[in-house]
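The structure appears right after this line, and notes come after that.
The values are calculated or read from the model by the stated rules, or taken from the named source; none is laboratory data. Small disclaimer: the values here were computed from a predicted structure and weren't measured. All Cβ positions, even for glycine, are placed from backbone atoms using ideal geometry, and neighbour counts span all protein chains on display. Just so you know, the surface numbers come from the protein's heavy atoms only, side chains and all, with ligands and any DNA or RNA stripped out. Shrake-Rupley method; radii C 1.70, N 1.55, O 1.52, S 1.80 Å.
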Amino acid sequence: MDTLKKFELMEKIVRELEDLQHSQQAIIQKIGKIEVDNIELGDKKLDTDLPDMHQRVADNLDAIVGILEYFADKTSNFGNKNNVDALKEQQAIDGVTGH
């Protein structure tokens with residue numbers, strides 16, 4: 001795999017991790033809303049299970065954030081080390097000139 005394709009794949013993974021992070025945040029918010037609604041309702045099963053579920057999702061979110069930070073840094077360092085901006089410019093020039 002050439003350097004530019006590798007960098008583009010790394011950027012794609014960063015975007016997917018960001019999407020995963022947003023999804024987990026939305027799940028935590030939904031669980032929180034159910035917990036608030038259940039304060040009025042008082043269902044024992046929800047009282048028992050929702051806090052555990054909330055904690056597991058929060059733990060997953062923490063793991064995702066850690067992976068995202070690591071991989072975003074790795075992607076940025078790879079791009080800087082391999083002068084990806086210059087590679088993109090050269091690719092654009094080659095596309096115009098037909099090389």
Quiz item: Given the structure, is Lys45 under 30 Å from Thr3 (Cα atoms) and among the charged types (D, E, K, R)?
Solution: no
Quiz item: In the stretch 29-79, what residues are touching a residue at least 24 places away in the same chain (Cβ under 8 Å) and either under 19 Å from Lys12 (Cβ atoms) or among the hydroxyl-bearing types (Ser, Thr, Tyr) (or both)?
Solution: Ile64, Val65, Ile67, Leu68, Phe71, Ala72, Lys74, Thr75, Phe78, Gly79
Practice problem: Quick one: in the stretch 52-99, of everything that is at pLDDT below 95 and acidic (Asp, Glu), which residue is farthest from Lys30 (Cα to Cα)? | Solution: Asp94
Exercise. Out of Ala26, Ala86, Ala92, report the one residue that is free of Cβ contacts under 8 Å to residues at least 24 places away in the same chain, open to solvent by less than 50 Å² (accessible area, probe 1.4 Å) and more than 24 Å from the chain's Cα centre (by Cα).
Key: Ala86
Quiz item: Taking helices (runs of 4 or more DSSP H) that do not extend beyond the chain, which have at least 3 residues that are touching a helix residue (DSSP H, G or I) at 6+ places or on another chain (Cβ under 6 Å) and among the hydrophobic types (A, V, I, L, M, F, W, C)?
Solution: 3-41, 44-81
Quiz item: Hey, does the stretch 2-19 have a residue that's more than 30 Å from Glu89 (Cα to Cα), at pLDDT 95 or above and open to solvent by 60 Å² or more (accessible area, probe 1.4 Å)?
Solution: no
Quiz item: Limited to the stretch 54-75, what total is found for residues that are surrounded by 15 or more Cβ atoms within 10 Å (Cβ to Cβ) and over 17 Å from His22 (Cα atoms)?
Solution: 1
